[in-house]
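Laboratory data are not the source of any read-out in this text; all were calculated from the coordinates shown. None of these values were measured; they are calculated from a predicted model. Here the Cβ is made from the backbone with ideal geometry for all residues, glycine too, and neighbour counts use every protein chain on show.
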Amino acid sequence: MSTLTQLPAWQQLSQCRARLEQQSLRQAFADDPQRAERYTVRAAGLMLDYAKNRIDQPTLDALLALAEQGGLPQLRDAMFAGEAINNTEGRAVLHTALRNRQRDSILVEGENVVPEVRATLAKMKGFVEQIHNGERTGYTGQAFTDVIAIGIGGSFLGPKVATEALRPYAKPLRMHYVANVDGTALAEKLKKVDPATTLVVMSSKSFTTQETLANTESTRDWFLASGASQADVAKHFVAVSSNVPAAVAFGIDADNVFPMWDWVGGRYSLWSAIGLPIALAVGFDHFEQLLAGAEAMDRHFCEAPLEQNMPVLMGLLALWYDNFFDAQSQVILSYDHYLRGLPAYVQQLDMESNGKGVDKEGNPVDYRTGPVIWGGEGTNGQHAYHQLLHQGTALIPADFILPLNSHNPLGRHHNMLAANCLAQAQALMQGKTLEEAKAELAGKGLSETELDTLAKHKVMPGNRPSNTLLMDQLTPATLGALIALYEHRTFVQGALWGINSFDQWGVELGKVLGNAVLAEIEAENPAYQQDSSTNALIACLRKGHI
């Protein structure tokens, strides 16, 4: 048995779960007029209302006790101190250092990393300003009009989601993101841009990431085919990488290589030079505000008491449903078009971090870890998967995210959007009883049998838990705080589960096998050394037909 499940707080939570089996959230609100006030917390420009969760005060107390008994405060402090909490790779975990403005010294293996972080930000600022003011141009002397940002995983998704979210702050540069190794994805982007006015940002720590390198090489071929020379590559291509020699060999000027560090994981990297496309898209001043918002959430996470700590509360609630209600997924619902990419971002952040089956010592865990994260734009989902949320057999906790003020206040649109958000959370919580369904159908001329039958189909059990996250408006600062909130929420869960949230070995096997399969596909005389199914599929690919 695991240490976690032997903690006294875990045993208390098991008792709480049994006691709350018949809890009615609707009744809980009726019995406690102060419930919403007691279960609301504010931090870094965000407000979390977690009153619509299946908890009472003893349950919350037990969850907070689990955080203490599980050593969460100590592990959090170790992360911020630069200790090598990524034990399988022997690395510190210091994405928080990238947005640090208050501390002048953060040590990693005895070396202060703050000066290098600040020097990189200064280099980014200078580069971005030169692009925006036209000081840096393409090889024909024309100003840049488009940016193609090439990456994969966190080096693609973070900048893309942030750029979409901050569209109201956009500079007159068109941004194009490429990750998929499918040539169609790149080809469609290249159709939209002019080589003479296109800047290419390639993000790969090793400069060897297969998909990223293939897309960058094909973009260079397109660029050279337009009439540019190899020497012109240096004016149009920049890299975010720790492998400067490889970047230079490719044709990139060494001065246009922005550094990366081992203590920053890809899915936590948008705060680093990986965020260069964000700064190009919205300006460096707004990029700094993004960092400031994240830093404000960092300070809250470090300083607020556990019972008032937003990431801690969200992490504990997620664990509560994962481990005590057998919830296998969680939905993220963004009621803001600019935040439409956030669910996919949180999906990678959470599932790549906590999709683990062994603890830090390599022992199999005997409890559920990382749930499936999914979601999308709220109102669109209401006409699709919300049916499952309301009447399906699975318990699926939901996060509703809503800015109070729109960047585009058209007529009644925002009021309607907000009403949908609040009503959906309310409907999940209170449901509809059989008696209410019958009353709704009364007077429609149905027979008693028809009424009884149809009413059963209109019943909604309620007691479906949700959080509601509000902000005054979606700004660079509130976006930074929101992303940092989900980072820390993910950390809280992984810390208590006793797993390493900062490696991703499960990603590696497919890459290794993929290289072997690729060699067979491209070989003059393939050996067909894979399993029989894969060999047959390779043969189909080589023939080009089934």
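Using Cα positions and a limit of under 24 Å, work out the lysines in reach of K123, with same-chain residues fewer than 8 apart set aside.
Answer for K123, where 24 Å is the Cα cut-off: K160, K171, K205, K235, listed by chain and number.
In whole percent, what relative contact order does region 114-260 give with Cα contacts below 8 Å and a gap of six or more residues? Write out the running numbers ahead of the final one.
Details: 205 pairs, mean separation 35.2, N = 147.
Relative CO of region 114-260 lands at 24 percent.
For helix 57-69, what angle does its Cα long axis make with the longest principal axis of the chain, in degrees from 0 to 90 and rounded to 10?
Helix 57-69 sits roughly 40 degrees off the main axis of the chain.
Quick one: putting +1 on the C-beta of Lys and Arg, -1 on the C-beta of Asp and Glu, what dipole do you get for the chain around its Cα centre, in Debye to the nearest 20? Don't jump to the answer; show the numbers that get you there.
On the way: 44 positive and 59 negative charges, 216 e Å.
About 1040 debye.
Between the helical axis of 508-522 and the dominant principal axis of the chain, each derived from Cα atoms, what acute angle in degrees is found, rounded to the nearest 10?
50 degrees
Return the label of the correct value of Cα extents along the principal axes in Å, as calculated from the structure shown, out of [x] 70, 61, 50; [y] 80, 59, 58; [z] 74, 60, 47.
Recomputing Cα extents along the principal axes in Å here picks out [y].
Given a Förster distance of 60 angstrom, what is the FRET efficiency for Q130 paired with K444, based on the Cβ-Cβ distance and rounded to 0.05? Display every interim value, and only then the final one.
Numbers: r = 69 Å, r/R0 = 1.16.
Efficiency computed from Cβ-Cβ geometry: 0.30.
Could you work out how far helix 210-225 tilts from the main Cα principal axis of the chain, as a 0 to 90 degree angle to the nearest 10?
50 degrees
Lysines within cross-link reach of K543: Cα-Cα under 28 Å, excluding same-chain residues under 8 positions apart?
Within the straight-line cut-off, K543 pairs with K511.
Rounded to the nearest 500, what is the chain's calculated 222 nm mean residue ellipticity when only DSSP H runs of at least 4 contribute -39500 (n - 2.57) each, over all residues?
Values: 23 runs with 262 residues, N = 546.
Mean residue ellipticity at 222 nm (helix-derived): -14500 deg cm²/dmol.
Name the residue farthest towards the positive end of the dipole of region 137-226 from the options G141, F223, N180, assuming +1 on Cβ of Lys and Arg, -1 on Cβ of Asp and Glu, about the Cα centre.
Toward the positive end, the furthest listed residue is G141.
Taking the Cα centre of the chain as the origin and placing charges on Cβ (Lys, Arg +1; Asp, Glu -1), which of A254, Q74, L428 is farthest toward the positive end of the dipole?
L428
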